[in-house]
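Have a look at the structure below, then the notes.
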Amino acid sequence: MGWTSCIIWFLYVSVSECWRLPGSEPLMHGEVKSPEYPRPYPPNLQQQWDLSVPEGYQLRLTFTHLDIEASAGCHYDALTVLYDEKVLGKFCGHENSADGHHPGNQPILSPGNRLTLILQTDDSNPERHQNVGFLAQYQAKDIDECSAPEPEDGSGPLCSQICLNTLGSYLCSCHHGFELRSDQRSCVLSCRGGIFDEPEGYLSSPGYPNAPTHAVSCQYIISVESGFTVSLNFTDNFNIESVDTQQGPNCLHHWLQVTIPDREPMKLCGGKSPGLIVTNSNTVTLDYHTDNDGMSNGWSLDYSTHRVKCPYPGNVAKGRVTPVLAEYLYRDYIFVRCDQGYKLMMDGQEMESFSTMCQSNGQWHLPLPECHIIDCGEPKPLLNGGVTFLSGFQNQYRSVVQYHCNEPFYSLLGGVNVSFTCEADRRWRSNSDIVVSPTCIPVCGQPTKLIRAYQRVIGGSKAPDNTIPWQTLLSIDGQRGGGMVIADRWIMTAAHVLKHNGISASNESVRIYMGLTDVKAPSLSPVSAASIHIHPGYNNLHGLDYNNDIALIKLQDPITFNSSIMPICLPAEDATYVTGMMGLVSGFGITEIDNRRILSNQLNYVQLPVVEQGPCSDSITLAKKTRDSVPSLTNNMFCAGVPEGGKDSCQGDSGGPFALRDDGRFWAAGIVSWGVDCGHRGTYGVYTKVTNYLDWINKTMQEN
């Protein structure tokens, strides 16, 4: 506390004893009041309060109430305020009394950090019930030592150069080129120099622009971040003592030496400013030297920094360097983008993107890449076709290729030639919105050679090579049958060729031969079946029901078509069987030579007309009258032949094709099914009507 309470042993004594509590520290503020306040103070009283605040502050005392017996000169009762035994005021009375001396609302400011208050009363108090004494507040007030007048003892100012007021005290400081002495008040010339690492600054010699009073030897080091260079800009006021010679000023005794790494040091002196010095370095050392003789007023300079410059990066063929700047500086980035159709390459490796930075040593951290033209790779191969380059080179960007099929056995789906261009995304893209991926589809029913004149199967002639390329020979457990190619993995034949007595042939028991006209050809090699699909409606346990006599065989491997192997077309949805229309029947079945019927090793053929259903049905009805086992004719069958006989298909031809030609294409109108004898007068061959089974054929091939 700033004041201590006094212990009163007796109520009425002349002096009461007073002391500071042990260990107490001065407070920044406090309150003081007369004994028994706000009741009247007692007589015969002398009490003292010693108030204090911390060093470096003044003590300000403000009375909030004062009521002491009034008298001229405060002769009887009085409150005296002292500073180091010097009376600052003696007070009595109250605010409106005529006699006495009242302090009013004006605070009392102590010259220092303490005040003493003494209250003294006599033995009477005529206004005892009215004079209640006093109540006062005190607080610490900061002293502005720097604005105080110089002491009268001649010791000089508090600070010789710069005074800085602080809360409760003050600090001394010095101008540039000076340093504070150990007395913490006065300044002396100094040139400790040091390291300056700010990006810009100001330097001057000690005492500048005045000459120092003694010799100096100072060093200043400017060292900024790597990647920046320092420039020194000397002011015009430059004066370092020199000796004039014919070669110019000679710096014998006074000089400023500028040292830049990897360069010869420069000694500067004379009366002419060096002006601007670009060091091209991030470090520069300045050594200033004078002796005790001569007069050098010195120098001053501003230094600045600039980012290191990198060389112009150059250009990239088929690419672009960005950004384009007048100059490239430390920490600048450049990017390289290739033109459309080109890719970034460096050291043989392709890069997704490229950037390089200007380094602190003035070099780019990576060399520029190259832009190489992209390539789309080999065009996707086309099954049963090929590709031709129309323009471009080695599958490069903007190369154009055209697909073609192996004609005349395959043609492009859609019938249009499609070209593909190598695009920037490295894909071959079609020039057609319709054809995204070319497909070669087999050409059906168009043999490379045509039979000039149709002959007969019974007693007929050999078929020339490549005239009936869809014909197949089936061998099932040694039994011979026919069939026809309808797709690259499908053979169509008669159900009764593959199913006997209700038992279907196994895949392993079926051997398929294609592309031959002679069974004994040396290159004869069979093709294996992957699966056999007999029409579910075929049920011919006793050889009398050939309804739904149709089956399909799926091959284990697809066929590549050529002149000797080619599919026959399936019927169109609206195909019609016109009576008298000539069809081509072929097979390796029984033929007639010299009135003898033998199983032929040659492919034979005959031209037969389609017979109207009525006469055919009549011939079968007639046959049933003389024979017991004659099957019935259904709407899934049709007849072909001539009433006089001599031309017909026969055993061994079963499953073979009855082909009609329309618009230059042969199509599978019928499958050799059954008949009454072979080529007899008044009988006809019966064929499965293929048009009735288009849905089943397509469904079976799609699902398998």
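The values are calculated or read from the model by the stated rules, or taken from the named source; none is laboratory data. This one's a predicted model, so the numbers in the text were calculated from it and none came from an experiment. Note that each Cβ is placed from the backbone with ideal geometry, even for glycine, and that neighbours are counted across all protein chains shown.
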Subject >> Single condition residue 279 does not satisfy, out of (1) under 37 Å from the mean Cα position of the chain (by Cα); (2) touching a residue at least 40 places away in the same chain (Cβ under 8 Å); (3) surrounded by 14 or more Cβ atoms within 10 Å (Cβ to Cβ) >> reply: (1)
Original post:
Can you name the condition, by its number, that residue 59 falls short on among (1) surrounded by fewer than 21 Cβ atoms within 10 Å (Cβ to Cβ); (2) out of contact with any Cys (no Cβ under 6 Å at 6 or more places or on another chain)?
Top reply: (1)
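Condition check ((1) part of a loop (DSSP other than H, G, I, E, B); (2) surrounded by fewer than 19 Cβ atoms within 10 Å (Cβ to Cβ); (3) not β-branched (Val, Ile, Thr)) across all residues:
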{"residue": "508", "(1), (2), (3)": "no, yes, yes"}
{"residue": "524", "(1), (2), (3)": "yes, yes, yes"}
{"residue": "530", "(1), (2), (3)": "no, yes, yes"}
{"residue": "539", "(1), (2), (3)": "yes, yes, yes"}
{"residue": "544", "(1), (2), (3)": "yes, yes, yes"}
{"residue": "548", "(1), (2), (3)": "yes, no, yes"}
{"residue": "553", "(1), (2), (3)": "no, no, no"}
{"residue": "557", "(1), (2), (3)": "yes, yes, yes"}
{"residue": "562", "(1), (2), (3)": "yes, yes, yes"}
Original post:
Is the stretch 48-60 home to any residue that is small (Gly, Ala, Ser) and within 19 Å of residue 120 (Cα to Cα)?
Top reply: no
**OP:** Considering (1) surrounded by fewer than 19 Cβ atoms within 10 Å (Cβ to Cβ); (2) touching a strand residue (DSSP E or B) at 6+ places or on another chain (Cβ under 8 Å); (3) at pLDDT below 95, say which one residue 516 fails and leave the rest.
**Re:** (1)
**OP:** Only residues that are part of a loop (DSSP other than H, G, I, E, B), of a type in the set (A, V, I, L, M) and under 23 Å from residue 139 (Cα atoms): list them for the stretch 67-100, please.
**Re:** none
Subject >> Subset tally (residues that are in contact (Cβ under 8 Å) with a residue 12 or more places away in the chain, of a type in the set (Phe, Trp, Tyr) and part of a loop (DSSP other than H, G, I, E, B)) for the stretch 389-406 >> reply: 1
Original post:
Can you tell which of 386, 414 is without any contact (Cβ under 8 Å) to a residue 24 or more places away in the chain and touching a His at 6+ places or on another chain (Cβ under 9 Å)?
Top reply: 386
Subject >> Residues located in the stretch 253-272, provided they are in contact (Cβ under 8 Å) with a residue 12 or more places away in the chain, under 11 Å from residue 287 (Cα atoms) and assigned to a loop (DSSP other than H, G, I, E, B) >> reply: 254
Original post:
Given 386, 348, which one is within 25 Å of the chain's Cα centre (by Cα) and modelled with pLDDT under 95?
Top reply: 348
Original post:
Before we move on, is residue 393 in the same structural domain as residue 424 (by TED's automatic domain parsing), closer than 30 Å to residue 559 by Cβ, of a type in the set (A, V, I, L, M, F, W, C) and surrounded by fewer than 17 Cβ atoms within 10 Å (Cβ to Cβ)?
Top reply: no
Subject >> Pair list, Cβ under 7 Å, 6 or more apart: the stretch 165-176 residue touching a residue at least 24 places away in the same chain (Cβ under 8 Å), other residue in a loop (DSSP other than H, G, I, E, B) >> reply: 168/54; 168/56; 169/56; 170/158
Original post:
From the list 345, 357, which one is over 21 Å from residue 375 (Cβ atoms), in contact with a His (Cβ under 7 Å, 6 or more places away or on another chain) and not in a loop (DSSP other than H, G, I, E, B)?
Top reply: 357
Original post:
Which residue pairs have Cβ atoms closer than 9 Å, lie 6 or more positions apart in sequence or on different chains, and pair a first residue in the stretch 563-577 that is over 9 Å from residue 444 (Cα atoms) with a second residue that is modelled with pLDDT of 95 or more and of a type in the set (Lys, Arg)?
Top reply: 577/689
**OP:** From 368, 383, grab the single residue that is outside any strand (DSSP E or B), under 30 Å from residue 333 (Cβ atoms) and hydrophobic (A, V, I, L, M, F, W, C).
**Re:** 368
Subject >> Matching residues in the stretch 655-691 - criterion: being of a type outside the set (A, V, I, L, M), modelled with pLDDT under 90 and touching a strand residue (DSSP E or B) at 6+ places or on another chain (Cβ under 9 Å) >> reply: 675, 678, 679, 683
Original post:
Quick one: would you say residue 314 is out of contact with any Lys or Arg (no Cβ under 9 Å at 6 or more places or on another chain), free of Cβ contacts under 8 Å to residues at least 60 places away in the same chain and over 19 Å from residue 238 (Cβ atoms)?
Top reply: yes
Original post:
Pick from the stretch 220-242 the residues that are within 13 Å of residue 276 (Cβ to Cβ) and outside any loop (DSSP other than H, G, I, E, B): which of them is nearest to the chain's Cα centre (by Cα)?
Top reply: 229
Original post:
If you scan the stretch 485-506, which residues turn out to be closer than 22 Å to residue 685 by Cα and assigned to a strand (DSSP E or B)?
Top reply: 485, 491, 492, 493, 499, 500
Original post:
When only residues in the stretch 282-313 that are polar (S, T, N, Q), part of a loop (DSSP other than H, G, I, E, B) and more than 30 Å from residue 356 (Cβ to Cβ) count, which is nearest to the chain's Cα centre (by Cα)?
Top reply: 297
Subject >> strands (runs of 3 or more DSSP E) contained entirely in the stretch 573-618, each with at least 1 residues that are at pLDDT below 95 and in contact with a Pro (Cβ under 6 Å, 6 or more places away or on another chain) >> reply: 582-587
Original post:
Could you say which residue among 279, 290, 305, 285 is under 30 Å from residue 209 (Cβ atoms) and either modelled with pLDDT under 95 or of a type in the set (A, V, I, L, M) (or both)?
Top reply: 290
**OP:** Identify the residue in the stretch 482-506 that is farther than 19 Å from residue 542 by Cα, surrounded by 22 or more Cβ atoms within 10 Å (Cβ to Cβ) and small (Gly, Ala, Ser) and, among all such residues, is modelled with the lowest pLDDT.
**Re:** 482
